[in-house]
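Enquirer: Structure in structure tokens, see below.
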Amino acid sequence: MPLFNMFSVFIILVIFAAFDRGCWAINYTFPDNFLFGTATSSYQIEGAWNESGKGENTWDWYTHNYPERILDRTNGDIACDSYHKYEEDIKLLKELGVDFYRFSLSWTRIFPSGFPNNVNYEGINYYNKILNLLAANNITAMVTLFHWDLPQRLMELGGLTNPRFIAFYTEYARTAFEFFGDRVKYWLTFNEPFQTCMFSYGDTRLAPALGMSGIADYLCGHNLLKAHAAAYHLYNTTYRSKYEGKIAISISAEWFEPNNTYDEAAADRVRQFWYGIHMHPIFSSEGDYPEVVKEYIATQSSLEGYKRSRLPQFTPDEINYIKGTSDFMGLNHYNTYLATNASSTSLETSYYNDIQASYWLSSSNMEDSDTARIVPWGFRKLLVWVKNTFNDPEIFVTENGYYDFGDIDDRGRISFYGQYLEALLEAIYIDNVKVIAYTAWTLMDNFEWNLGYEYKYGIYYVNFTDPDRPRIPKSSAYFIKNVIGNRTVVSYDRVV
Ligand code: GBH
């Protein structure tokens, strides 16, 4: 039948055209209640580092005292100047059509010394203005309480390694709930325990760069989990009935793929050391650290001559106190690594020796590594792993993004977002993972920590040489806007 033949030819053409467009051919649509947003953090965008009563935090201190530790010797003194330009930022959000905006509070704007007395009302007022304007624009607020800018005075007391941190943090959280709770639908207690502890206290990559791997990182994580649970319980008992918000934690989880089939145990061990260590106490039904993490650290500690494990122990009460303290799982995801078993005989105390495995991005060439940096199947595998390992939690993707070096027509970023969103849809529809929201990191180019301003993750370009810090939409901003508007991943050439 000629009609039938024409139809077949048409279908084949459609399939070829789809593959030609980078395989975004599945055409799933996002579920009706699925949410889209973008994210930023206080130190990375606000600037105004010593204005209106704000106190010094670890990143002010670190960048001012050790400028050479930042790739381009810059800092967040001015950054995107969002302290003065928040109205413009909210216009961008409106333009994109996002459901929510994830941003963080600067602790020392609210308590300049870090200690929970003497609230700085100018700081409160700044966040009030943002929250009111978001509400006026129908944009839901998602607020991170702690995105790395710790009060410097608390750092001098040992920061997160001091158990007293828990009480100071809880009072800070209480103040935030009191002042802002009526307008915040989603709270995140901490951004990324792994980066917060392993990179800042273990390694020397992020402020305060203590470099006490295998000791300070575990102490930090231990207190972080308790502080998180304390804030959760406080919200749960005192504020939830009044404000009906949700409270959770954001955990960064890269995917670790075995390099060889026999490396599966090693790859899973790396997953457990990177994020299982912080997920398991909160999201598993038994609570506490993962067995494999406890076992490897204990063995290694004893070989190194320690009388007890370097990993602190939770009491049974603490295990119960921490278990179940997150209304959903906030997940930050960027890359996929390959992992292999690596038995180390070194007796040097280090987080990395404890793991007895090594891992790497499959290409180390930063300038030309899209095949290594765009690995959508790794994202999908991660989502499935989380579903299977932690009783199928609701997953709120709180960050996902891609850096380049500043193209306005940022096709690499579009390719990244397109493919990761497709993978996410496959996880929802094929693997039945409960993914409820997606957050693009980040709204605009900003201070990328130790990498300064050269590495850019924004979907809006910011001109940092212009004192006015103008924001310009990149191609990816149109792409994201289109995804949100159409609730499906629309191919690039139909967007720009
Ligand atoms: C997040 O950290 C942070 O929450 C956020 O503040 C930060 O701006 C964002 O990621 C981007 O870094 O492996 O060579 O491709 C997560 C740690 C470290 C993840 C750098 C992405 C990319 C480097 N990030 N990594 S590479």
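The values are calculated or read from the model by the stated rules, or taken from the named source; none is laboratory data. Source: prediction; values computed, not measured. All Cβ positions, glycine included, derive from the backbone under ideal geometry; neighbour counts span all protein chains shown.
Enquirer: Does segment 277-289 contain at least one residue that is under 26 Å from residue 345 (Cβ atoms), more than 17 Å from the chain's Cα centre (by Cα) and modelled with pLDDT of 95 or more?
Expert: Looking for residues that are under 26 Å from residue 345 (Cβ atoms), more than 17 Å from the chain's Cα centre (by Cα) and modelled with pLDDT of 95 or more, one finds at least one in segment 277-289, hence yes.
Enquirer: Can you tell me which residues in segment 446-461 are buried (at least 20 other Cβ atoms within 10 Å of the Cβ) and within 8 Å of the ligand (Cβ to nearest atom)?
Expert: Residues satisfying the conditions are 446, 448, 449, 457.
Enquirer: Of all residues in segment 208-244, which are within 20 Å of the chain's Cα centre (by Cα), within 18 Å of residue 169 (Cβ to Cβ) and among the small types (Gly, Ala, Ser)?
Expert: 221, 227, 229, 231, listed by residue number.
Enquirer: Being modelled with pLDDT of 95 or more, in contact with a Pro (Cβ under 7 Å, 6 or more places away or on another chain), part of a strand (DSSP E or B) and more than 18 Å from residue 197 (Cα to Cα), is that true of even one residue in segment 321-330?
Expert: yes
Enquirer: Would you please list the contacts, defined by Cβ atoms under 7 Å and residues six or more apart or on different chains, that run from a residue in segment 425-441 that is in contact (Cβ under 8 Å) with a residue 60 or more places away in the chain and of a type in the set (A, V, I, L, M) to a residue that is within 16 Å of the ligand (Cβ to nearest atom) and part of a loop (DSSP other than H, G, I, E, B)?
Expert: 440/401; 440/459
Enquirer: May I ask you to list the residues in segment 264-313 that are under 22 Å from residue 331 (Cα atoms) and of a type in the set (Phe, Trp, Tyr)?
Expert: 273, 274, 275, 283, 289
Enquirer: So, in segment 240-256, how many residues would count as being touching a strand residue (DSSP E or B) at 6+ places or on another chain (Cβ under 9 Å) and either surrounded by fewer than 20 Cβ atoms within 10 Å (Cβ to Cβ) or at positive phi (or both)?
Expert: Keep residues of segment 240-256 that are touching a strand residue (DSSP E or B) at 6+ places or on another chain (Cβ under 9 Å), which gives 240, 245-256.
Now restrict to residues that are either surrounded by fewer than 20 Cβ atoms within 10 Å (Cβ to Cβ) or at positive phi (or both): 240, 246.
Adding up the residues that qualify gives 2.
Enquirer: Still on this structure: Which members of segment 462-491 meet the condition of being within 16 Å of the ligand (Cβ to nearest atom) and of a type in the set (Phe, Trp, Tyr)?
Expert: Residue satisfying the conditions is 464 alone.
Enquirer: Going by what's in this entry, would residue 330 be described as surrounded by 15 or more Cβ atoms within 10 Å (Cβ to Cβ) and at positive phi?
Expert: no
Enquirer: Follow-up. Right, residue 299: closer than 30 Å to residue 146 by Cα, out of contact with any helix residue (DSSP H, G or I) (no Cβ under 7 Å at 6 or more places or on another chain) and either β-branched (Val, Ile, Thr) or within 16 Å of the ligand (Cβ to nearest atom) (or both) or not?
Expert: Here the answer is no, as residue 299 does not meet what is asked.
Enquirer: Looking at (1) in contact with a Cys (Cβ under 9 Å, 6 or more places away or on another chain); (2) assigned to a helix (DSSP H, G or I); (3) free of Cβ contacts under 8 Å to residues at least 40 places away in the same chain, which is the one condition that is false for residue 64?
Expert: Evaluating residue 64 over (1) in contact with a Cys (Cβ under 9 Å, 6 or more places away or on another chain); (2) assigned to a helix (DSSP H, G or I); (3) free of Cβ contacts under 8 Å to residues at least 40 places away in the same chain leaves (1) as the failure.
Enquirer: Just for segment 248-288: of the residues that are part of a loop (DSSP other than H, G, I, E, B) and closer than 16 Å to residue 378 by Cα, which one is farthest from the ligand (Cβ to nearest atom)?
Expert: Here the answer is 260.
Enquirer: Identify the residue in segment 324-342 that is over 21 Å from residue 279 (Cα atoms) and not aliphatic (A, V, I, L, M) and, among all such residues, is nearest to the ligand (Cβ to nearest atom).
Expert: If we take residues in segment 324-342 being over 21 Å from residue 279 (Cα atoms) and not aliphatic (A, V, I, L, M), then 340 is nearest to the ligand (Cβ to nearest atom).
Enquirer: Is it true that some residue in segment 177-200 is in a helix (DSSP H, G or I), surrounded by 22 or more Cβ atoms within 10 Å (Cβ to Cβ) and away from the ligand (no atom under 16 Å from the Cβ)? Walk me through how you get there before you give the answer.
Expert: Within segment 177-200, the subset in a helix (DSSP H, G or I) is 177-183, 193-200.
If we keep only those that are surrounded by 22 or more Cβ atoms within 10 Å (Cβ to Cβ) too, we end up with 177, 193, 196-198, 200.
Now narrow it down to the ones that are away from the ligand (no atom under 16 Å from the Cβ): 177.
Yes: segment 177-200 contains one or more residues that are in a helix (DSSP H, G or I), surrounded by 22 or more Cβ atoms within 10 Å (Cβ to Cβ) and away from the ligand (no atom under 16 Å from the Cβ).
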